[in-house]
Amino acid sequence: MSTAGAAKAPPKTSAREVAYQVVRDVFGPEQRTAQAAFDVRARRAELDARDRGFAAELAYGSIKARRTLDWLLAPYVGGRDKPLPPTILDVLRLGAYQIRFMSGVDDHAAVSETVNLAWRHGHKGTAGLVNAVLRRLLADGPRAFVSADFKNEDDELGVRYSTPTWIAAQFGHAYGSQREAVLAGINAAPQYAVRVNALRASVESALAELASRGIGARVSPYVSESVIVDSGSVGDDDAGRWSVQSEAAAMPVDVLDPRPGETVLDLCSGRGNKAVQIAARLRDQGNLVCVEIDARKTRVLREALERAGVAGVAIVQGDAREAAPEVRANAVLLDAPCSGVGVLGRHPEARWRKTPQDGARLAASQAELLDAAALRTAAGGRIVYSVCSGDVREGRDVVDAFLAAHADFAREALPARYAEFARDGDALVPPGIEGRDGFYIALLRRQ
């Protein structure tokens with residue numbers, strides 16, 4: 001059969017092209033998140049599993065490593081009279097990342113395929129420049145870090161681990177001698193975990209089911225219903241037996257320790273992960289009130305509770321500082337909106353979108369929310385205040401100011417299993433260590 005005149009199939013989009021598109025989506029005018037951009041681009045390209053994994057590693061890795069890559073490229077492009085177009089700089093970053101950070105990538109392929117990207121998104125001149133720069137990068141070998149070349153240690157570590165200098169400084173203040181391990185950790189793959197829903201399954205049955213799928217998993221030493229996935233991939237269970245939730249994100253409810261028969265208030269419920277965890281611990285014997293200001297998150301919260309088999313939860317859409325004033329709870333969870341610097345490892349672009357002022361800016365509203373939590377706490381009741389941040393301004397400073405103004409509240413001792421994270425009576429979970437998210441958790445008791 002003749003194929004003359006038949007339309008040619010469009011060329012397949014390569015994994016490197018997808019990575020380039022993701023980077024441009026993140027740093028271009030739309031400022032999309034890396035995950036959202038990748039999901040769309042990879043789906044359109046119809047990448048197979050191998051190419052999808054390559055594209056994800058290249059896109060996410062080069063976004064995280066952006067500052068280090070610019071430092072590596074500076075000797076070759078930094079002295080130009082006319083700056084390179086952003087598109088070509090991103091192409092160069094992708095090439096440099098393959099050469100310096102990706103194992104198993106052939107150097108010749110890294111150069112030639114990156115030059116092809118430069119052809120498609122530039123012209124003959126820019127393609128030639130990309131070829132020359134990458135070949136010199138290969139010939140010169142790794143660039144050494146010399147402390148004298150940097151303003152101070154914070155600046156050097158910021159370049160070495162590709163974060164803004166202020167984040168390197170903040171991590172030094174928060175985590176002390178663990179700082180470099182934290183900075184290295186947020187550039188590695190984050191820990192993956194699921195939280196088992198006791199209303200639908202036991203931890204043992206969930207582990208057995210995961211094992212039958214070839215998924216290696218183990219129980220967290222801190223949170224009894226948290227299962228850490230060491231190998232394989234698993235998402236939310238359609239039957240509601242488990243949901244994806246990081247180990248550290250499950251710690252605040254574990255510290256709160258809601259018990260059957262209690263009235264529990266989840267003051268900033270979000271999409272409902274912690275609400276489901278609370279409900280499972282109550283085992284349909286108690287009262288749970290959830291407050292969430294965002295209408296879209298409220299819908300997701302309701303769906304999450306229904307999928308998990310949770311009934312009888314009061315959901316209030318409104319400002320947590322004012323909503324549900326009549327509630328007097330035995331236990332209040334305030335997982336407050338925060339800067340999110342403890343979860344930078346999960347969001348490649350986040351480190352470039354935070355500002356040094358975030359912690360101070362958010363502290364005022366966090367203090368107001370904690371005051372609201374106190375008003376809704378019954379005599380003898382307890383509050384867990386948590387943020388996914390190690391910034392003292394939105395962690396310990398908020399709690400210390402609260403306790404100074406509320407003589408009827410005091411710190412309560414944390415469970416002994418959290419001794420590893422103990423910091424002056426509270427828990428400070430460093431991000432990146434064993435792939436965990438970073439959290440600050442305080443347990444307060446009304447006298």
### Query
Mind checking which residues of the stretch 211-244 are under 20 Å from the mean Cα position of the chain (by Cα), farther than 30 Å from LEU428 by Cβ and surrounded by 20 or more Cβ atoms within 10 Å (Cβ to Cβ)?
none
### Query
Quick one: is THR68 in the same structural domain as HIS123 (by TED's automatic domain parsing), farther than 17 Å from ALA118 by Cβ, touching a residue at least 60 places away in the same chain (Cβ under 8 Å) and not small (Gly, Ala, Ser)?
yes
### Query
Of the residues SER220, SER243, SER226, SER233, which single one is farther than 13 Å from GLN191 by Cβ, of a type in the set (Ser, Thr, Tyr) and modelled with pLDDT of 95 or more?
SER243
### Message
Name the residue that is nearest to the chain's Cα centre (by Cα), counting only residues in the stretch 285-314 that are in a loop (DSSP other than H, G, I, E, B) and among the small types (Gly, Ala, Ser).
### Response
ALA308
### Task
Could you list, in sequence order, all residues of the stretch 336-357 that are surrounded by 24 or more Cβ atoms within 10 Å (Cβ to Cβ) and touching a Cys at 6+ places or on another chain (Cβ under 9 Å)?
ALA336, CYS338, SER339, VAL341, GLY342
### For LEU84: the one exception among (1) modelled with pLDDT of 95 or more; (2) aliphatic (A, V, I, L, M); (3) not in a helix (DSSP H, G or I)
(1)
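Looking at the stretch 161-182, can you tell me whether even one residue there is in a strand (DSSP E or B) and closer than 17 Å to GLU434 by Cα?
Checked the stretch 161-182: no residue is in a strand (DSSP E or B) and closer than 17 Å to GLU434 by Cα.
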### Query
Does GLY381 qualify as being closer than 21 Å to PRO252 by Cα, of a type outside the set (Asp, Glu) and surrounded by 23 or more Cβ atoms within 10 Å (Cβ to Cβ)?
no
### Query
Inside the stretch 198-217, can you point out the residues that are part of a loop (DSSP other than H, G, I, E, B) and touching a Ser or Thr at 6+ places or on another chain (Cβ under 7 Å)?
ILE215
#### Entry: Selection within the stretch 218-239 - closer than 17 Å to PRO415 by Cα and part of a loop (DSSP other than H, G, I, E, B)
SER220, PRO221, TYR222, VAL223, SER224, GLU225
### Summary
Checked the stretch 285-298 for anything out of contact with any Pro (no Cβ under 8 Å at 6 or more places or on another chain) and farther than 18 Å from ARG321 by Cα; matches are ASN287, ARG296
### Query
Can ALA324 be described as over 27 Å from the mean Cα position of the chain (by Cα), aliphatic (A, V, I, L, M), surrounded by 16 or more Cβ atoms within 10 Å (Cβ to Cβ) and within 28 Å of LEU288 (Cβ to Cβ)?
yes
### Query
For the subset of the stretch 105-149 comprising residues that are under 16 Å from ASP90 (Cα atoms) and not in a helix (DSSP H, G or I), which member is nearest to the chain's Cα centre (by Cα)?
GLY122
### Task
Under 8 Å between Cβ atoms, at least 6 apart or on separate chains: pull out the pairs that start in the stretch 202-215 with a residue that is farther than 13 Å from VAL234 by Cβ and end on any residue that is of a type in the set (Asp, Glu).
VAL203/GLU225
#### Entry: Criterion violated by GLU247 - all others in (1) buried (at least 24 other Cβ atoms within 10 Å of the Cβ); (2) within 25 Å of the chain's Cα centre (by Cα); (3) more than 19 Å from VAL219 (Cβ to Cβ) satisfied
(3)
### Task
Determine whether ARG52 is loosely packed, with under 15 Cβ neighbours inside 10 Å, more than 24 Å from ASP149 (Cα to Cα) and of a type in the set (Lys, Arg).
no
### Message
Take the conditions within 22 Å of VAL291 (Cβ to Cβ) and crowded, with 19+ Cβ neighbours inside 10 Å and apply them to ALA373. Does it pass?
### Response
yes
### Message
Being assigned to a helix (DSSP H, G or I) and either of a type outside the set (D, E, K, R) or within 19 Å of VAL384 (Cβ to Cβ) (or both) is the requirement here; does ALA280 meet it?
### Response
yes
### Query
Among the residues of the stretch 398-409, is any among the β-branched types (Val, Ile, Thr) and within 27 Å of the chain's Cα centre (by Cα)?
yes
### Query
How many of the residues in the stretch 350-393 are of a type in the set (Asp, Glu) and over 16 Å from TRP166 (Cα atoms)?
2
### Task
Only residues in the stretch 263-282 that are under 15 Å from GLY240 (Cα atoms) count as the first member; pair them with residues that are assigned to a strand (DSSP E or B) and of a type in the set (Ser, Thr, Tyr), Cβ under 8 angstrom, at least 6 apart or cross-chain, and list the lot.
ASN273/SER243; VAL276/SER243
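The values are calculated or read from the model by the stated rules, or taken from the named source; none is laboratory data. On a predicted model such as this, the values are computed, not experimentally measured, just so you know. No Cβ is skipped: glycine too gets one built from the backbone with ideal geometry, and neighbour counts run over all protein chains shown.
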